[in-house]
Amino acid sequence: MARRTLRLPRLTGRAFAVAVALVLAACGALALAFRASVTDFSADPAALDALPYDVRTDHVLQLELATEDDLEATLAEREAMGVAPADDAADELYLTSAAVENPADYAPVVVTATFTGERKYVYQAFRCAFTVTGVVRGDDAGDAPAVGDTIDVFENLRISTPDFNPTGKGQQGDERMVMFGYGDCSVPYREGQEYLLFLEEKDYPEGTQGTEPVYRLIWHPYAAAPTDAPEHPERVWVDETHVIHEGVSTNGNPYSWEEEDDEMTFGEAQRYDRLCYDEEARDAYLEGAATILANTLG
């Protein structure tokens, strides 16, 4: 019995090139559609502002400033426990969680700058454009930004699927929420607001860094402090929804329950300088911001 062999027609060089081009075009279209539907959140600012915002509040202990003596005591305790010292001064703040009174001593770059409102979502963070209004400290390499320059600063926020995939990787659900990425609690940058920024340049693998430096905030609760924060206590949101109700029911049984309705959108969160657990935390924030601004700007 003769064996049959399936033979495909031979493609000419031109036909093969056309086929490859069509496949690449289809792949490109799929990639662009995926980006538009899943990752390019900055393409539609109105839709971005409408996303739910993960409300987390700061406690007074997170906002009270620590002295240099407090930091030295913490470092001594870590050394006594055999913990290796940090690679640089900025890492010391992260490892010790010390909100020191002079963060400028730990930041390679310190500037005042106004947020332009332009943010681009990259890998689990927003890359935000600022216009420099003043330079307090530049880096040792002599590449300090100048007044009038536009610099990019990462925002400590990511977009994830709530209660489904907290890592923010490999999104599969339809629901999205703006959540915190790393470091301490914070709020989104507000368009037109001038900030005092304590920065360090982001490290990239060799050969992948662009021509312009990109900055990130050092770890510190006041690393992005609005320069007029002390004059605007109304811009500090206090968590008034966690109200405990206590009493005795009609049958004589005691009860207590707590209201929890902390919901706001990403756009609403931009109205505030800080989200605080209670009035004590709010007062600590306003006092801390005033101290940081005075110590840095005079």
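The values are calculated or read from the model by the stated rules, or taken from the named source; none is laboratory data. Bear in mind the structure is a predicted one, so any value in this text is a computation, not a measurement. No Cβ is skipped: glycine too gets one built from the backbone with ideal geometry, and neighbour counts run over all protein chains shown. The area values use the complete protein model at the heavy-atom level, side chains included, leaving out ligands, DNA and RNA. Shrake-Rupley method; radii C 1.70, N 1.55, O 1.52, S 1.80 Å.
Quick one: which residues, 5+ away or cross-chain, put their amide H under 5 Å from the amide H of L157? H built at 1.01 Å from N.
F126, G181
Could you give the length gained by full extension between Q124 and E268, i.e. 0.36 nm per residue of separation minus their alpha carbon distance, to one decimal place?
Gain in length upon complete extension: 49.8 nm.
Averaged per residue, what accessible area in Å² does region 96-135 show with a 1.4 Å probe, protein chains only?
Each residue of region 96-135 exposes 35 Å² on average to a 1.4 Å probe.
Modelling each spin label as a point 7 Å along the Cα-to-Cβ direction, I'd like the V147/T74 distance in nm, to one decimal.
For V147 paired with T74, the spin-label model returns 3.5 nm.
In nm, to one decimal, how far is the modelled label at N295 from the one at D44, with both set 7 Å along Cα→Cβ?
About 4.4 nm, to one decimal.
Suppose R0 equals 22 Å; then what is the FRET efficiency for T131 and K202 from their Cβ-Cβ distance, rounded to the nearest 0.05?
0.70
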